[in-house]
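Novice: Dumping the structure here so I can ask a few things about it.
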Amino acid sequence: RTHGKDNPHHNHDPTDSASGPSATTTTTTNNTNPPPQSRMLSNQRTPEATLFIRNIPDATKEPEIRSLFESYGVDTGNRILGITLNANRGFCFVDFDGPAAVNAIVAEAQRSLVKDERTGRKIESSFMVHGRVLEVDQKIKTLQAGGGAKES
């Protein structure tokens, strides 16, 4: 007996695939849970591979943030996993798949920062949006051992 006799049962596959879209509906429901500006899974964020950016103007859009930082990821072999932009609150997180890009970006932010000698005001940097200097740092500067409770 050959498997050729099973071929007539192959016609039942359209019925089987009809039940497939119901599984897709569940996936669509899960996609509505995370905020639309967050295009990553929550378990992917690691502090040493995350930029914390402050002083972001309200009008800033995600593509502007991506264009500022993506080339550093390419240069270091890292890619952006997600951008969480809260422009109305003046901050943003950019998550990479490794810390090398974050280290390079923070170093460049410090190297390129120009302050007004008289007022100390930040007037120029490699990282500017809408004429405003962005404050770029690693999400946390030191990793603390222990449970992470904040006592101070």
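The values are calculated or read from the model by the stated rules, or taken from the named source; none is laboratory data. Since the model is a prediction, treat every value here as computed from it, not as a measurement. Cβ placement follows ideal geometry from the backbone for every residue including glycine, while neighbour counts extend to all protein chains displayed. To get the accessible areas, we keep the full protein, side chains included, count just its heavy atoms, and leave off ligands, DNA and RNA. Shrake-Rupley method; radii C 1.70, N 1.55, O 1.52, S 1.80 Å.
One line per residue, one yes/no per condition, for (1) at pLDDT 95 or above; (2) among the basic types (Lys, Arg); (3) open to solvent by 30 Å² or more (accessible area, probe 1.4 Å):
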{"residue": "Ala109", "(1), (2), (3)": "yes, no, no"}
{"residue": "Val114", "(1), (2), (3)": "yes, no, yes"}
{"residue": "Thr119", "(1), (2), (3)": "yes, no, yes"}
{"residue": "His130", "(1), (2), (3)": "yes, no, yes"}
{"residue": "Gln144", "(1), (2), (3)": "no, no, yes"}
{"residue": "Gly148", "(1), (2), (3)": "no, no, yes"}
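Novice: Next question, about the same structure. Does the range 132-142 include one or more residues that are farther than 22 Å from Arg45 by Cα and at pLDDT 95 or above? So that I can check it myself, show each step before the final result.
Specialist: First, the residues of the range 132-142 that are farther than 22 Å from Arg45 by Cα: 132-133.
If we keep only those that are at pLDDT 95 or above as well, we get 132-133.
Yes - at least one qualifying residue is present in the range 132-142.
Novice: Modelled with pLDDT of 95 or more, part of a helix (DSSP H, G or I) and among the β-branched types (Val, Ile, Thr): is that true of Val94 in this structure?
Specialist: No.
Novice: May I ask you to list pairs of residues, at least six apart or on different chains, whose Cβ atoms are under 7 Å apart, with the first in the range 58-83 being within 14 Å of Met128 (Cα to Cα) and the second being open to solvent by 30 Å² or more (accessible area, probe 1.4 Å) and part of a helix (DSSP H, G or I)?
Specialist: Asp58/Asn88
Novice: Please determine, by comparing only the residues of the range 85-114 that are over 11 Å from Gly73 (Cβ atoms) and among the charged types (D, E, K, R), which one is farthest from the chain's Cα centre (by Cα).
Specialist: Ranking the qualifying residues of the range 85-114, first place goes to Arg111.
Novice: Which of the residues belonging to the range 81-97 are surrounded by 14 or more Cβ atoms within 10 Å (Cβ to Cβ) and over 17 Å from Asp137 (Cβ atoms)?
Specialist: The answer is Leu81, Gly82, Ala87, Asp97.
Novice: Note down all Cβ pairs under 6 Å where the first residue falls in the range 91-112 and is more than 25 Å from Ile123 (Cβ to Cβ), the second is open to solvent by 10 Å² or more (accessible area, probe 1.4 Å) and assigned to a helix (DSSP H, G or I), and they're at least six residues apart or on different chains.
Specialist: Listed by first residue and then by second, the contacts come to Pro99/Glu48; Ala100/Thr76; Ala101/Tyr72; Ala101/Thr76.
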